[in-house]
Amino acid sequence: MSNGSLPEDADHLPVRLVTALEVFTRERVAELIDHGEPYIDRARELTVDFKFDFDLTRALVGKSISFGELMSHAVPLNGVADLDKVFKSLTEKPLTSLLNGVHDWVHVEIDGDSPAPIVADVDEMKANLNLLFKARHVLVHEMPETRPFTDDQLKQFARASFEFTHAIDQAITKLLYGNYPLTQIEINQRASERAQQSKQDLGALLDHVNPGGTSERLKKAQAVWVSYVESEATFLSRMDMERHEHGSIAPSIYWSVADELTKERIAWITRSYGEGWGPLD
């Protein structure tokens with residue numbers, strides 16, 4: 001819609017806008033639930049309608065769908081009331097309070113923009129979205145001979161849809177991840193901090209299962225594992241290549257691989273020790 005003009009197929013744009021809103025909302029719902037507590041527990045408050053067809057059952061058996069994805073595809077999204085209910089259930093905030101004052105944190109922190117709210121008037125946005133859902137319903141179910149909306153309303157539908165998705169995306173991201181790193185340097189630093197914390201956790205676990213480091217077998221196995229982690233993280237991050245070849249993201253990949261492998265090592269030792277394998281020697 002450049003220069004305020006409408007596309008040639010504008011008659012069906014409300015249908016596409018609502019579809020986009022539904023897909024976006026289901027993705028954010030899945031993200032919240034799959035993030036864990038407290039959102040996964042709050043998911044019990046959602047209204048869901050499961051229809052176990054062949055494809056869904058196959059996805060469940062094959063474990064190719066997460067719990068959040070399952071729940072998100074079962075919630076009704078037929079209007080603003082449904083949008084309000086689903087986000088209020090998961091965040092314990094109605095849409096109005098969830099979106100009031102939300103600004104684009106990236107633009108503020110990186111571009112130096114003023115923290116202007118994405119949605120100037122949440123009630124007006126909700127009213128336009130309600131009209132959008134109604135227009136979509138008429139188009140799909142009544143097949144009218146004339147458009148059930150004006151050109152100005154269509155522009156308001158598009159603006160309200162953009163404001164909603166943009167503001168929800170910022171609100172949910174901030175809710176889940178806080179002041180997440182924005183520059184590559186910050187991302188690399190955060191990845192390094194996570195890996196170092198996991199390394200400390202592993203060290204504490206090893207001290208617990210092998211007090212005083214008396215097990216030579218475990219010490220040798222751990223030394224081999226440390227060498228493996230170093231090789232694997234270096235290989236996957238291309239840290240052994242020239243700087244212009246591996247790029248500035250390489251340290252983040254290196255530390256992320258090291259962090260993941262360390263967490264796997266912690267889980268394996270915890271499980272093995274807990275299963276009562278007996279003395280390490």
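Where a number appears in this text, it was derived from the coordinates with a stated rule and is not lab data. These figures come from a predicted structure and were not determined experimentally. No Cβ is skipped: glycine too gets one built from the backbone with ideal geometry, and neighbour counts run over all protein chains shown.
Sum -39500 (n - 2.57) across every DSSP H segment of at least 4 residues in the chain, then divide by the residue count to get the 222 nm mean residue ellipticity, nearest 500.
Mean residue ellipticity at 222 nm (helix-derived): -21500 deg cm²/dmol.
Which residues in segment 118-148 place their backbone N less than 13 Å from a point set 7 Å from the Cα of Thr96 along the Cα-to-Cβ direction?
121-127
Distance in nm between label sites at Gln189 and Leu60, each 7 Å beyond Cα in the beta-carbon direction?
With each label point 7 Å from Cα toward Cβ, the separation is 4.7 nm.
Over the chain, how many pairs of lysines fall under 28 Å by alpha carbon, counting only those 8 or more apart in sequence or from different chains?
Lysine pairs, 8 or more places apart or on different chains, close enough: 28.
Report the FRET efficiency, 1/(1 + (r/R0)^6), for Gln197 and Thr173, where r is their Cβ-Cβ distance and R0 is 25 Å, rounded to 0.05.
Result of the calculation: an efficiency of 0.65.
Have a look at Arg265, Arg217, Arg136 and tell me which one the Gaussian network model of the chain (Cα, springs below 10 Å) gives the largest fluctuation.
Taking springs between Cα atoms under 10 Å, the residue moving most is Arg217.
Per the Kirkwood formula on distinct C-alpha pairs, the Rh of segment 184-274 is how many angstrom?
By the Kirkwood definition, the hydrodynamic radius is 14.1 Å.
Given the Cα-Cα distance of Thr47 and Glu27 and 0.36 nm per residue of separation, how much length would full extension add, in nm?
Contour length minus the Cα-Cα distance gives 5.5 nm.
Hey, rough spin-label estimate for Asn78 and Ser248, points 7 angstrom out along Cα→Cβ, what's it come to in nanometres?
5.0 nm
Based on a Kirkwood Rh over C-alpha pairs, give the Stokes-Einstein translational diffusion coefficient of segment 2-177 at 20 °C and viscosity 1.002 mPa s in µm²/s.
Result for D is 122 µm²/s.
Sticking with the crude label model, points 7 Å out along Cα→Cβ, report the distance from Phe162 to His208 in nm, one decimal please.
5.2 nm
Just want the answer: with Cβ charges of +1 for Lys and Arg and -1 for Asp and Glu, which residue in Ser231, Ser256, Ile269 is farthest toward the dipole's positive end in the chain?
Ile269
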